[in-house]
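The values are calculated or read from the model by the stated rules, or taken from the named source; none is laboratory data. What you see is a predicted model, and the numbers here were worked out from it, not measured in a lab. FYI the Cβ positions are ideal-geometry reconstructions off the backbone, even for glycines, and counts take in every protein chain you see.
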Amino acid sequence: MNKTYYITTPIYYPNGEPHLGHAYCTVCTDVLARFHKLCGEDVHFLTGTDEHGIKMVKTAAQLGTEPRALADKNAQVFRELWQEIGICNTDFIRTTEQRHRESVQEIIRRMVARDDIYLGSYEGWYDEGQEEFVTETEAKNNDYRSPISGRPLVRYKENSYFFRLGKYVPQVLKYIEEHPDFVQPESRRNEVISKLRAGVDDLSISRATLKWGIPLPNDPEHVVYVWMDALSNYITALGYGSGDDSLYRKYWPGVHIIGKEILWFHAVYWPAMLMSLGEPLPKQIFAHGWWTSEGKKMSKSMGNFIDMQKLRDVAGTYGQDALRYYMVRAASFGSDLDWTEADFNKSFNELANVLGNCLNRTIKMIGKYREGKVPDSQGALEAIDQALVEKTNKLADEVRKAYLEYDLQAAAMLPIELARQTNGYIDATEPFKLAKDPEKAQRLSTVLNLSAQAIMKALVSLIPVLPSKAVEGLAQLNVSIEGKTFDELMGATLPAGHQLGEGKPLFPKLERK
RNA sequence: GGGAGCAUAGCUCAACGGUUAGAGCAGGGGACUCAUAAUCCCUUGGUUGGGGGUUCGAAUCCCUCUGCUCCCA
C-alpha cells in the first residue's frame, strides 16, 4: 500500500469568475500534489466551489437568473480554467451536491447529539436594503450606514443555532501551541494564538431568513450558514457520514492550502468542529499571501486586475507552465506577492534562457559531436567537473526538503540554479572547442556527459511546477517518467550510449512587438 | 485602543551571536559561438533606518526614536 496524501484548496465562491488569487492558490496546491504524486504517494487532491449564501442569491438576482443556474455556470468556468493551467485535482466538490448536503446534515445531527448545538439569537447590524447582516467592523467603517444605500443600519435580532465553539477553544489553543507545524507560516500562527487567548464566542451556524442553503436536519426552517457548510467539504467530499466513507478512512487527515484571509476559520472553527465530531484534525494548514498588481491593490477600475481573461492570455501566449512558474517563484510561499510585467518577463527568461537554452545547447552538441548518443564520462574528474557533479547530486535532497517545508519558491528555483551553473560549466570547459581537437575527445565526452546529467536532473525536479514542459524536455532527452518516482529518476543517470531525441527550444522566444 | 512584526545594494531578498554582510535582477566592462540576438566572466554599489547598551565579538540580543506593514476591536 502506498502512503496516502490528501491536499485541498479552499472551495471558491462562484458568484464571479476566477482570478489570480484563485489561480495562485490552486496552482500552489497542485504543485504540492504533483510532487507527492511523483514521490509515489497515493494523492487525493480536492478543490471545488462554495455555492450557498446570500451573495449568490443577490448576484443571481442582479443577473436575472437563479442561484443554482449561476453556480452551475461558474463552477464550470472554474473547472475549465483549472484544466487550462494544468491542475490535476482528483475531485471537485460543489456544496450544492447531494453528497455534500446529506453529509453536512449528518455532521449537524452528530453535533446536536453531542449537545454542541443550541438555539440562541443572533444580534447585529442589519442592512435592510441589502437584506444582510454586516460585521461590527464593517458597520463602524461605514459610520453605521449602508455602504450601498447610505441609509442607517438597524439593530436586528433573529433566532439562530449556535455551535459551542467556546467549549473547544482551550483545546484548539493547546493543540496549536503544542504543534508548531500545524498552522503555517509562523507569523500567521502567532496571530491565531493571540486572538485565541483573547477569547472566542460561540459560532452562529444558521439563518432563518435565508433559503438558499442546506436545511438544518433538526429545524428545516433554518439553513446552515457559511462556515459549517463550507469547511465540512473537506470531509464530505470523502464520503464522511455517508454510507460509504472508505475514502475518508483512507485519506483523512489532509493538508489545507488556503489564503490568509480565511486562516482564522480553518485554524479555529474547523479543528473545533472536528473535535466535536471526535475526528482527527488536519495535518497542516498553510496560509499563503495576497497578490497586488504593479505595486497596487488589484482593482477593475485601476485596470490592473489580473482576471481570468488575463490569465488565459498569458497561458495562451507563454504556456501554462510559464504562468505556473511565475506564480510559484514570484515570492516565498506565505508572503504577499506582486504581479508585474517586468517580473513576468524575467521569470520567462529564466525558463527560456537558462533552462531551455541549457537543454538545447547540450542536446545539439551531443547531436553534432556524438551522433546524439550520450558519451561516457571518462578519466579523472577535474575540479570544475566535481563541482557540477556535486551540485547535481545534491539537487534531489534540496528540492525534497524545499517541498516538505512548503518552500515552493526554492523548489522552483533550485533546478534553475543548477541549469545556470551548467551553462557556466559549458562556457568554462568549451566543448565546442574541444570538438575541434581529436586529442581532446575523451575530455569532450566527459563534459557532454556531465552537462546532460545535470540538465536531466533539473528537468525532473521541475516536473511538479512545469508538468508539461519538464516532461517535454525530458522527452527530448529520450527519458520517460512513466511509472518512475522522484527518487528513481533523480538517482538514475543517462547511461553511455543513450540515444537522445531531437532538440527544440523548450520555451521559444516570442516576436517582440 | 490592544497585539504582532518588519526596516540589509537601485529593485527583490539571504546571512545557527563568530572570517572580508552575500545571491538574483538592473547598471558598467569584457569574452565566446554549441545554443532560443541565447550564454559566461569580471565589475560598480552597503556607516545593515537613527541613537544608546550587553558582549572578546552584534545585521543578529536589550532599550529608545523614526518609518512601514499585518492581525484584532
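General observations
- A:Leu395 being touching a residue at least 40 places away in the same chain (Cβ under 8 Å) and away from RNA strand B (no atom under 14 Å from the Cβ): yes
Yes/no per residue for (1) polar (S, T, N, Q); (2) surrounded by 17 or more Cβ atoms within 10 Å (Cβ to Cβ):
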site	(1), (2)
A:Val200	no, yes
A:Arg207	no, yes
A:Ile214	no, yes
A:Asp219	no, no
A:His222	no, yes
A:Tyr225	no, yes
A:Ala230	no, yes
A:Thr236	yes, yes
A:Gly241	no, yes
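- Where A:Ser332 falls short, out of the listed (1) buried (at least 19 other Cβ atoms within 10 Å of the Cβ); (2) within 12 Å of RNA strand B (Cβ to nearest atom): (1)
- Only helices (runs of 4 or more DSSP H) whose full extent lies in region A:417-513 are considered here, and the ones with at least 3 residues that are within 12 Å of RNA strand B (Cβ to nearest atom) and under 25 Å from A:Leu38 (Cβ atoms) are A:441-461, A:469-476.
- Residues in region A:78-110 that are in contact with a Pro (Cβ under 7 Å, 6 or more places away or on another chain) and assigned to a helix (DSSP H, G or I): A:Phe78, A:Leu81, A:Gln105, A:Ile108, A:Arg109.
- Any chance A:Val314 is within 14 Å of RNA strand B (Cβ to nearest atom), at pLDDT 90 or above, under 30 Å from A:Val479 (Cα atoms) and not hydroxyl-bearing (Ser, Thr, Tyr): no
- Unmet criterion (only one of (1) more than 7 Å from RNA strand B (Cβ to nearest atom); (2) farther than 26 Å from A:Arg188 by Cα) for A:Leu337: (2)
- Single residue of A:Arg361, A:Arg400 found to be within 9 Å of RNA strand B (Cβ to nearest atom), in contact with a helix residue (DSSP H, G or I) (Cβ under 8 Å, 6 or more places away or on another chain) and part of a helix (DSSP H, G or I): A:Arg361
- Filter result (in contact (Cβ under 8 Å) with a residue 12 or more places away in the chain, in a loop (DSSP other than H, G, I, E, B) and over 20 Å from A:Thr95 (Cβ atoms)) within region A:183-220: A:Pro185, A:Gly199, A:Val200, A:Asp201, A:Asp202
- Selection status of A:Ala352, in contact (Cβ under 8 Å) with a residue 60 or more places away in the chain, within 8 Å of RNA strand B (Cβ to nearest atom), surrounded by fewer than 23 Cβ atoms within 10 Å (Cβ to Cβ) and part of a helix (DSSP H, G or I): yes
- Region A:371-390, residues that are buried (at least 19 other Cβ atoms within 10 Å of the Cβ) and either of a type outside the set (Gly, Ala, Ser) or within 12 Å of RNA strand B (Cβ to nearest atom) (or both): A:Val374, A:Pro375, A:Asp385, A:Leu388
- Test: residue in region A:257-277 that is buried (at least 17 other Cβ atoms within 10 Å of the Cβ) and among the polar types (S, T, N, Q): yes
- Boolean, A:Phe92 is closer than 23 Å to A:Trp270 by Cα and surrounded by fewer than 20 Cβ atoms within 10 Å (Cβ to Cβ): yes
- All positions within region A:424-450 that are more than 14 Å from A:Tyr369 (Cα to Cα) and crowded, with 20+ Cβ neighbours inside 10 Å: A:Tyr425, A:Ile426, A:Thr429, A:Leu450
- Restricting attention to region A:179-192, the residues being near RNA strand B (Cβ under 9 Å from one of its atoms) and surrounded by 13 or more Cβ atoms within 10 Å (Cβ to Cβ) number 3.
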